[in-house]
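*Asks:* Got a structure for you, written out below as structure tokens; questions coming shortly.
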Amino acid sequence: MLINCLFILVGLVLLITGANRFVVGAATIARSLNIPPLIIGLTVVGIATSMPEALVGTVAALNGKTALAVGNAVGSNIANIGLV
């Protein structure tokens with residue numbers, strides 16, 4: 001039980017660190033190419049944050065788990081609308 005909690009904590013720290021570095025990197029690329037950060041945020045960051053959901057939905061659909069694929073899509077959209 002303790003090791004599982006440790007894995008969750010380490011995963012959360014790595015997720016937050018990776019997300020922060022990704023956003024900083026995208027902003028640096030935008031500045032170096034003279035692209036407004038808003039454009040980078042709407043395209044690169046938007047696509048990258050949607051990829052995990054698309055991957056889960058695709059793998060679930062290919063494995064015949066259509067309920068999981070639909071649930072993932074619906075839940076993702078509800079979360080995105082609610083958070084925005």
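The values are calculated or read from the model by the stated rules, or taken from the named source; none is laboratory data. In this text, all values refer to a predicted model and were calculated from it rather than measured experimentally. Heads up, the Cβs are rebuilt from the backbone with ideal geometry, glycines too, and the neighbour counts pull from every protein chain shown. Surface accessibility is based on the protein's heavy atoms, side chains included, excluding ligands, DNA and RNA. Shrake-Rupley method; radii C 1.70, N 1.55, O 1.52, S 1.80 Å.
*Asks:* Do the conditions hold for LEU83, that is, is it in contact with a helix residue (DSSP H, G or I) (Cβ under 8 Å, 6 or more places away or on another chain) and open to solvent by 80 Å² or more (accessible area, probe 1.4 Å)?
*Replies:* On the way: in contact with a helix residue (DSSP H, G or I) (Cβ under 8 Å, 6 or more places away or on another chain): no; open to solvent by 80 Å² or more (accessible area, probe 1.4 Å): yes.
Judged against the criteria, LEU83 is not a match.
Yes/no matrix, rows are residues, columns are (1) closer than 20 Å to ILE81 by Cα; (2) over 20 Å from the mean Cα position of the chain (by Cα); (3) at pLDDT 90 or above:
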| position | (1), (2), (3) |
| --- | --- |
| MET1 | no, yes, no |
| ASN4 | no, yes, yes |
| ILE29 | no, no, no |
| ILE40 | no, no, no |
| GLY46 | yes, no, no |
| THR49 | yes, no, no |
| ALA54 | yes, no, no |
| ALA61 | no, no, no |
| GLY64 | no, yes, no |
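*Asks:* Okay, moving on. Within segment 47-76, can you find the residues that are open to solvent by 80 Å² or more (accessible area, probe 1.4 Å), under 28 Å from VAL24 (Cβ atoms) and among the polar types (S, T, N, Q)?
*Replies:* The one that is open to solvent by 80 Å² or more (accessible area, probe 1.4 Å), under 28 Å from VAL24 (Cβ atoms) and among the polar types (S, T, N, Q): THR49.
*Asks:* Same structure, new question: Determine the pairs where a residue that is modelled with pLDDT of 75 or more, located within segment 68-82, has a partner that is part of a helix (DSSP H, G or I) and open to solvent by 50 Å² or more (accessible area, probe 1.4 Å) with Cβ atoms under 7 Å apart, the partner being 6 or more residues away or on another chain.
*Replies:* ALA69/ALA61; ASN72/GLU53; ASN72/VAL56; SER76/GLU53
*Asks:* While we're on this one: Please count how many residues of segment 30-46 are closer than 26 Å to SER76 by Cβ and open to solvent by 50 Å² or more (accessible area, probe 1.4 Å).
*Replies:* The first filter runs over segment 30-46 and keeps only residues closer than 26 Å to SER76 by Cβ, leaving 30, 37-46.
Of the ones still in play, those that are also open to solvent by 50 Å² or more (accessible area, probe 1.4 Å) are 37-39, 42-44.
Total satisfying the criteria: 6.
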